[in-house]
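A quick write-up on the structure given underneath.
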Amino acid sequence: MSGDRRESPPVTGGGNGVVEPEKKPAPVIVPSQRLRLHANKDHMPESYEDLQLDFCPSIFSSLEKYLPPNMLHDSREEKVKFMRDILLKYLPHGERTRAQKHREYRQKIISHYKPLKRELYTMHPVTFFVPSFMKAINDNTEDSLRSIISEPSPGVLTFEMLQPRFCELLVAEVENFEAWVNDTKFRIMRPNTMNKYGAVLDDFGLETMLDKLMDGFIRPISKVFFPDVGGATLDSHHGFVVEYGKDWDVDLGFHVDDSEVTLNVCLGKQFSGGELFFRGTRCDKHVNTGSQPEEIFDYSHIPGRAVLHLGRHRHGARATTSGHRINLLLWCRSVQRDEEISKRFLELVWRVLTRKERKATGIHCCY
Ligand SMILES: O=C(O)CCC(=O)C(=O)O
Ligand SMILES: [Fe+2]
């Protein structure tokens with residue numbers, strides 16, 4: 001099983017950047033401008049999405065809950081400055097430059113690649129989605145969603161979603177992008193560690209459209225069906241296509257996704273094989289344990305039909321034995337995970353402090 005999950009940022013160095021220089025005699029300092037060790041659960045954090053920040057905006061929203069109480073109602077700029085200083089101090093340099101490099105990589109592609117099907121780049125629900133899906137989303141009730149969704153195995157939801165025309169347009173756009181990559185010899189990053197083929201749609205301009213797809217059409221479903229894992233708070237995504245066949249990847253090993261909720265829709269073309277196999281949901285600790293008979297389920301892809309499942313629902317894809325299979329994948333992530341990262345970040349910072357430094361923080365709780 002390949003662990004394809006994102007890791008929380010490691011913390012290096014000692015001190016939390018807010019520790020006072022040693023003074024004599026050492027007073028008991030009760031500092032006001034320090035992060036709290038426990039989140040203020042009642043605080044509604046601001047959104048930082050519209051700011052050009054060097055860290056993911058949702059990290060700021062999560063970290064805001066740990067701000068000292070007297071800062072909670074400061075201006076957004078003041079809060080950003082405070083939190084950014086801490087992140088800069090503790091996130092390893094490599095992680096920061098990686099994010100910066102990726103932004104530059106994406107910018108380079110977007111400024112040189114000429115899209116073929118421009119209508120894909122803005123969300124047009126009526127031309128993208130089949131009427132039954134549109135109606136269920138517009139009615140916006142649990143019953144309306146349940147009326148179009150089947151659950152052939154616990155936690156595996158399937159429903160008709162994409163219009164054939166949309167699938168054709170997206171396949172044509174991906175082929176155009178790949179032709180450009182070949183012509184220009186641009187070295188692109190593949191969607192994940194397990195694929196040699198396929199393309200990241202977010203990297204060549206489709207990020208905004210896919211964000212709308214997640215916000216308006218996937219979150220309403222995952223809110224009802226996957227409420228316990230952040231289904232209601234999906235707020236970022238990794239959108240890509242995978243390609244299978246004789247001249248592409250053949251199959252995909254058993255794995256879990258780096259997502260809270262995964263949308264997988266077949267776009268075509270003609271193929272045989274390529275079934276998804278599921279083996280039940282596990283936490284990180286038990287990801288390699290055996291399966292119960294009722295967890296074993298195989299699903300045959302049908303173009304336009306979506307499969308929605310938890311990222312931690314163990315699965316893989318069998319060999320595509322003939323033809324060419326292209327699937328759209330949207331790994332949807334929740335702010336809930338960023339909160340987990342913030343928490344672990346603080347725990348780690350706490351761990352690297354000396355006893356004296358801990359005392360100086362004025363926090364009396366320890367891990
Ligand atoms: O090929 C498929 O349909 C599965 C793809 C998948 O599971 C993934 O990319 O995470
Ligand atoms: Fe997957």
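For this structure, a couple of remarks:
- Summarising the overall dimensions of the chain from its C-alpha atoms, the Rg and Dmax are 23.0, 78 angstrom.
- All lysines inside 23 Å of Lys81 as judged from Cα atoms, apart from same-chain residues fewer than 8 positions distant: Lys41, Lys65, Lys89, Lys101, Lys343
- Contact order relative to length of the chain, as percent, for alpha carbon pairs under 8 angstrom and 6 or more apart: 24 percent
- Sorted by Cβ density within 10 Å, fewest first, the residues Asp183, Asp203: Asp183, Asp203
- Each pair of Cα atoms in segment 164-308 enters the Kirkwood radius, and Stokes-Einstein at 4 °C and 1.567 mPa s then converts it into a translational diffusion coefficient of 76 µm²/s.
- Summarising the label geometry, the points placed 7 Å from Cα in the beta-carbon direction at Met189 and Asp54 lie 1.8 nm from one another.
- Compared with the direct C-alpha span, the chain from Ile302 to Lys246 gains 18.2 nm at full extension, assuming 0.36 nm per residue.
- With the alpha-carbon atoms of segment 164-223 aligned to their principal axes, the span from lowest to highest coordinate is 41, 29, 18 Å, starting with the largest.
- Among Phe204, Phe271, Phe254, the order by Cβ neighbours within 10 angstrom, fewest to most, reads Phe254, Phe271, Phe204.
- Using the average count of surrounding beta-carbon atoms within 10 Å as a protection proxy, the listed peptides 143-152, 59-68, 290-299, 205-214 rank, highest first, as 59-68, 205-214, 143-152, 290-299.
- Computed lengthening from His43 to Ala99, 0.36 nm per intervening residue step minus Cα-Cα distance: 17.3 nm
- Over segment 229-335: Rg over Rh, Cα atoms, Kirkwood Rh: 0.97
- Computed magnitude of the charge dipole of segment 116-336 (debye, nearest 20; Cβ of K, R +1, Cβ of D, E -1): 240 debye
- Lysine pairs within segment 116-336, Cα separation less than 24 Å, 8 or more sequence positions apart or different chains: 11
- Evaluated on segment 55-151, the Kirkwood hydrodynamic radius is 18.3 Å, with distances taken between all distinct Cα atoms.
We did not get these values from a lab; they are worked out from the coordinates using the rules stated. Computed from a predicted structure; not experimentally measured. All Cβ positions, glycine included, derive from the backbone under ideal geometry; neighbour counts span all protein chains shown.
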